[in-house]
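The values are calculated or read from the model by the stated rules, or taken from the named source; none is laboratory data. These numbers were taken from a predicted model, which means no experiment stands behind them. Every residue, glycine as well, gets a Cβ built from its backbone with ideal geometry; the counts of neighbours run over all protein chains shown. These accessible areas exclude ligands, DNA and RNA; they are computed on the full protein's heavy atoms, side chains included. Shrake-Rupley method; radii C 1.70, N 1.55, O 1.52, S 1.80 Å.
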Amino acid sequence: MKNRNTLMPDSEASHGDFRYPISQNKIAELLRLKAKMGDKFPKVGIFVVSYNASSLLVETLNRIPQSLIPLLHEIFAFDDFSQDDTYELTRELGFDSKWQGKFFAFKNLRNLGYGGNQKLGFRYAIEKGLDQVVLLHGDGQYAPELLPDLLYESIIQNKKVVFGSRMMDGLSALKGGMPLYKWVGNKILTHIENFILNLNLTEFHSGYRLYSTEILRLLPFELNTNNFHFDTQIIIQCRAAGAEIVEIPIPTYYGNEICRVNGMKYAFDVVISVFKYRLHQLGVLFQSRYQIQESVTYGFKSSPYSSHGQILKIFNPNCEVLDVGCGPGLLSQKLSQKGVKSTGIDFESQKNVWSDFDSYIQDELEKAEKLPKRRTFDCIILADVLEHLRNPSDLTRKVRPLLKTHGKLIASTGNVALWYMRLSLLLGRFNYGKKGILDETHVHLYTLDSFERLITQCGYQVDKVKVTSLPFEVVFKSTGKNQLLKLVDWTYYQLACLWPKLFAYQFVIEASVKNLETAQCEGRIQPSSGAVDK
């Protein structure tokens, strides 16, 4: 995330004892660009939210720089069913000729809450075809004089999401009247959110924001809360969408406005929101509000405590491996580097598969009609495959005749009895998602006992069971060099080893053919020696 620290005033407007800069130079540059672009200039909307703010709203709106009006397409105020005359005053203000017919006032039919009001306004901006929408509070807490600075970052600097931050300039927020306990709370919460989300914002809790409607269209913001932590949830959605957030410094003002936020409840809701996002990324909790991208891709997990890391430890050079359900070939490159000869099989055409396989077979795994006919493999891998099949035992039996005498079957799957799954069931929740243990494409879900039973019933004996840690590196997009993350990964892995059925994210089973003599009588050729490290 980027910060913009320069804010050079060309003129000033007062509010109480404070003086706020109005950057006429930036307005002039925007006006020149508008003259040059004509109808192609972005359509900018100012979205004013208000609730019982009659004593402050008119003053706040009148502070919008007059020289900025030609740059605006519309100013629209949504009153959230105020019990005073806020809406009536706002509506009257709209008849003033200084707004050039661009001011519109609306009153919600019922109180929707802070988040609910934003949902309505953002949807309005999208449906009206606006390109940029600025959220402005009607109580004057955020300086309208800085609207040009937000628009400059968005239009001239081509930034899609711009936030005003009260915390960028050291202790200036305290000088602006922010109570010390709020300043400390803001700092602590922001630090927690930055740490968990791997961001670098100076403030998560400012309500002065500009969004490009291009970004808003990507975000399922209407699934967010109607309460005050809506602002946190939409930041998380921006992160999930890969949207860059730019901050500019804004002054702090605490006057006669009424604070309607329950601080402790708000802090709790914020922390829970960021944790839920991480659990969603881990695949142990599905949150539809954070499902931004429809396409799901899986990458290679380099952690030694991941399923990939555990599987790779098994092989010696010169093995011959059949990778069933290989996908694009996540394991093939690493296997090749170890001198392992691999054959891949999956339904994808070969053009979508990496070239590290020695050979590749395109086949539908439910039928598995194109499996090799000879006992040629030291190892057969069924990595995160069986849970996707309607009849997993059929494929597991079909590959058994392909193993050499001392060959190994390596199979992995998620642990549906993970601690979080148990807690979710206790609370009556069982939500499928796009990936993880409750991947919506999973036909079967396994505990350790049921997974071992599947393997043994298909004619194998379980030799070893390995466990995996939670996929921290995937969630935090780690390159494997972060020492703190490596410590967390190792610590959780120790828990999984200590109590596998409760803490293991996945199980990796090593198995061998249970009764080789009976298998040979079924018509198989005489086996040759294997080369798998037991």
Fill in the blank from the handout: Wholly inside segment 93-207, strands (runs of 3 or more DSSP E) that include 1 or more residues that are in contact with an Asp or Glu (Cβ under 7 Å, 6 or more places away or on another chain) are 103-107, 161-165
Problem - Matching entry among L174, L180, L130 (being crowded, with 16+ Cβ neighbours inside 10 Å and touching a helix residue (DSSP H, G or I) at 6+ places or on another chain (Cβ under 8 Å)) - result: L130
Exercise for the section: Identify the single condition in (1) touching a residue at least 60 places away in the same chain (Cβ under 8 Å); (2) assigned to a helix (DSSP H, G or I) that D394 does not satisfy, given that it satisfies every other one. Expected result: (1)
Fill in the blank from the handout: When (1) more than 34 Å from the chain's Cα centre (by Cα); (2) among the β-branched types (V, I, T); (3) open to solvent by 50 Å² or more (accessible area, probe 1.4 Å) are applied to V474, the one that fails is (1)
Exercise for the section: Filter segment 148-182 for residues that are within 18 Å of E203 (Cα to Cα), of a type in the set (A, V, I, L, M) and touching a Phe, Trp or Tyr at 6+ places or on another chain (Cβ under 9 Å) and give the result. Expected result: L150, V161, V162, M167, L171, A173, L174, M178
Exercise for the section: Please determine, by comparing only the residues of segment 405-462 that are part of a helix (DSSP H, G or I) and β-branched (V, I, T), which one is farthest from S307 (Cα to Cα). Expected result: T456
Practice task
Just need a number here: residues in segment 195-236 that are touching a Phe, Trp or Tyr at 6+ places or on another chain (Cβ under 8 Å), under 15 Å from F275 (Cα atoms) and open to solvent by 10 Å² or more (accessible area, probe 1.4 Å).
Solution key: 3
Exercise for the section: State whether the residues of segment 73-95 include one that is under 20 Å from S206 (Cα atoms), of a type in the set (S, T, Y) and touching a residue at least 24 places away in the same chain (Cβ under 8 Å). Expected result: no
Handout entry: Residues that are outside any helix (DSSP H, G or I) and free of Cβ contacts under 8 Å to residues at least 60 places away in the same chain, drawn from segment 46-72
Key = L72
Exercise for the section: Could you please let me know if S349 is within 30 Å of V475 (Cα to Cα) and open to solvent by less than 40 Å² (accessible area, probe 1.4 Å)? Expected result: yes
Problem - Among residues of segment 98-113, those that are aromatic (F, W, Y) and open to solvent by 40 Å² or more (accessible area, probe 1.4 Å), counted - result: 2
Problem - Residues of segment 402-452 that turn out to be open to solvent by 70 Å² or more (accessible area, probe 1.4 Å), hydrophobic (A, V, I, L, M, F, W, C) and free of Cβ contacts under 8 Å to residues at least 40 places away in the same chain, as a count - result: 5
Handout entry: Output for segment 79-97, where each listed residue is in contact with a strand residue (DSSP E or B) (Cβ under 7 Å, 6 or more places away or on another chain) and open to solvent by 60 Å² or more (accessible area, probe 1.4 Å)
Key = F81, R91
Exercise for the section: Exactly one condition in (1) in contact with a Ser or Thr (Cβ under 6 Å, 6 or more places away or on another chain); (2) hydrophobic (A, V, I, L, M, F, W, C); (3) at pLDDT below 90 is not met by F476; state its number. Expected result: (1)
Fill in the blank from the handout: Of the residues in segment 298-337 that are part of a loop (DSSP other than H, G, I, E, B) and in contact with a Cys (Cβ under 8 Å, 6 or more places away or on another chain), the one that is surrounded by the fewest Cβ atoms within 10 Å (Cβ to Cβ) is I314
Problem - Pairs where the first residue, in segment 20-31, is free of Cβ contacts under 8 Å to residues at least 60 places away in the same chain and the second is crowded, with 18+ Cβ neighbours inside 10 Å, C-beta under 7 Å, 6+ apart - result: L31/L71
Fill in the blank from the handout: Output for Cβ contacts, cut-off 6 Å, separation at least six or different chains, first residue within 17 Å of L151 (Cβ to Cβ) and modelled with pLDDT of 90 or more in segment 242-261, second open to solvent by 30 Å² or more (accessible area, probe 1.4 Å) and in a strand (DSSP E or B), reads V246/K2; E247/N3
Practice task
May I ask you to say which residue of S306, S288 is in contact with a Leu (Cβ under 8 Å, 6 or more places away or on another chain), modelled with pLDDT of 85 or more and on the phi < 0 side of the Ramachandran plot?
Solution key: S288
Practice task
Run S469 past the list (1) part of a loop (DSSP other than H, G, I, E, B); (2) under 21 Å from R239 (Cβ atoms) and report the number of the one that doesn't hold.
Solution key: (2)
